[in-house]
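Taking it in order: structure first as structure tokens, then the write-up.
The values are calculated or read from the model by the stated rules, or taken from the named source; none is laboratory data. Please read these numbers as outputs of a predicted model, since none were measured by experiment. All Cβ positions, glycine included, derive from the backbone under ideal geometry; neighbour counts span all protein chains shown. Only protein heavy atoms, including side chains, enter the accessible area calculation; ligands, DNA and RNA are left aside. Shrake-Rupley method; radii C 1.70, N 1.55, O 1.52, S 1.80 Å.
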Amino acid sequence: MARTQDEFLKPTGTVIGMGFTIDAANFTCDESESMRIDGVVKGDIEIEGLINISETGRVDGNIHAGSARVAGRIFGNIHCRNTLHLASTADVTGDVLTSTIIVDEGAVFRGCCKTNVSLDNVTVK
């Protein structure tokens, strides 16, 4: 089932702050966690919950998430079990596999996208 826009506004459990760069890291978070990235992560991210890449955030790696909101830059593939929201400032280079996608005017996306895909029986990564 797709998430509503309001669900993207829930409190965040983990924050990678602006000015931080995490290199060669792979993150895994359980279903109860959410993550916001304001800095740079170079590595793959696996999260059962929500990931929010802010306007200052950048990920150089693949993302496997329950849901994602992207306002920053991603260089890698994105797999979302529920909803992927590309905000107007998003810049994504990579392929997308998701149940539902929302693309705001101004968002940049370079890659292939498959939607309406049920990922309920697919484990994260």
Output the residue which, of all residues in region 113-125 that are outside any strand (DSSP E or B) and surrounded by 12 or more Cβ atoms within 10 Å (Cβ to Cβ), is modelled with the highest pLDDT.
Thr115
Just the residues that are part of a strand (DSSP E or B) and either in contact with a His (Cβ under 9 Å, 6 or more places away or on another chain) or small (Gly, Ala, Ser) (or both), please, taken from region 27-47.
Ile45, Glu46, Ile47
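Residues checked against (1) out of contact with any Cys (no Cβ under 7 Å at 6 or more places or on another chain); (2) at pLDDT 95 or above:
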position	(1), (2)
Thr12	yes, no
Ala65	no, no
Asn77	yes, yes
His85	yes, yes
Gly111	yes, yes
Residue count, region 61-94 (criterion: part of a strand (DSSP E or B) and among the small types (Gly, Ala, Ser))
4
Residue count for region 48-60, restricted to those that are more than 18 Å from Gly111 (Cα to Cα), open to solvent by 10 Å² or more (accessible area, probe 1.4 Å), part of a strand (DSSP E or B) and without any contact (Cβ under 8 Å) to a residue 60 or more places away in the chain
2
List the residue pairs whose Cβ atoms are under 7 Å apart, where the first residue sits in region 91-104 and is among the aromatic types (Phe, Trp, Tyr), the second is buried (at least 16 other Cβ atoms within 10 Å of the Cβ) and at pLDDT 95 or above, and the two are 6 or more positions apart or on different chains.
none
Considering only residues that are surrounded by fewer than 16 Cβ atoms within 10 Å (Cβ to Cβ) and touching a Ser or Thr at 6+ places or on another chain (Cβ under 8 Å), which ones fall in region 67-101?
Phe75
